[in-house]
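Read-outs throughout are calculated quantities, based only on the coordinates presented, and are distinct from any laboratory measurement. These numbers come from a predicted model, not from an experiment. Methodologically, a virtual Cβ is constructed for each residue, glycine included, from the backbone with ideal geometry; neighbour enumeration extends over all protein chains shown.
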């Protein structure tokens, strides 16, 4: 077989020249905390959290029918205000507290139409207890605290280190939360 045919076959089989080293380098650049994949809320296409490596992350479990649901507005404002400096808010809808009954499309429509949410949101999943998704189990282990209710927040440094946990009572406008975010955005 000639060299051209081998290259074509290799590329069709995913053996692209340098593909394995590129994937290995990507995994090395992605902290273990972010080595998870979740379907995107809007279209359920798989998304790697590694795409947020090097960013400061505020991770929030959400629900559409909760007294804290208006925090969506503050979270979107926070995301818009700091995204150019490296903050990304990540939303994880959950029905763990029986306040998120909709399917992914209904949740996505509600978030966009009611609060103009543009920050990344992922498909509905469990965030506490034995059924919690692997990312949330990791967050709870790192902080010693699983979500007590909807709109619980975790702050993750650019390095991937889980820094802090905030209850639902901590609003996106909270001065201590803003101070912590500012400090992480200023750190290099």
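Tell me the label only: which of (i) 20.6; (ii) 18.2; (iii) 17.6 is Kirkwood radius over Cα pairs in Å as calculated from this structure?
(iii)
By count of other Cβ within 10 Å, fewest leading, how are 137, 188, 83, 153 ordered? Don't jump to the answer; show the numbers that get you there.
Values: 137 17, 188 4, 83 14, 153 22.
Starting with the residue having the fewest Cβ neighbours, the order is 188, 83, 137, 153.
Could you work out the helix-only [θ] at 222 nm for the chain, with each DSSP H run of four or more residues adding -39,500 (n - 2.57) and the total divided by the number of residues, to the nearest 500 deg cm²/dmol?
On the way: 6 runs with 67 residues, N = 188.
Counting only the DSSP helices, I get -11000 deg cm²/dmol.
Going by how many other Cβ atoms sit within 10 Å of their own, how do 52, 72, 115 line up, fewest first? Write down the numbers at each step before the final one.
Working: 52 21, 72 25, 115 18.
Result, fewest neighbours first: 115, 52, 72.
As I understand it, the value is the acute angle between the Cα axis of helix 3-12 and the longest principal axis of the Cα atoms of the chain; what does it come to in degrees, rounded to 10?
20
Counting only DSSP beta bridges with both residues in the chain, tell me the antiparallel percent, nearest 5.
Details: 12 of 20 bridges.
Bridges in the chain that DSSP calls antiparallel: roughly 60 percent.
To check you understand DSSP bridge types, tell me what percent of the beta bridges within segment 25-106 (both residues inside) are antiparallel, rounded to 5. Display every interim value, and only then the final one.
Details: 3 of 10 bridges.
If I count the DSSP bridges inside segment 25-106, around 30 percent turn out antiparallel.
Against the longest principal axis of the chain, how steep is helix 134-143, in degrees 0 to 90 to the nearest 10, with axes from Cα atoms?
60
In which sequence would 100, 112 go, from the one with the fewest C-beta neighbours within 10 Å to the one with the most? Write out the running numbers ahead of the final one.
Details: 100 21, 112 14.
In order of increasing Cβ crowding within 10 Å: 112, 100.
Expressed as an acute angle from 0 to 90° and rounded to the nearest 10, what is the orientation of the C-alpha long axis of helix 175-186 relative to the principal long axis of the chain?
Roughly 20 degrees between the two axes.
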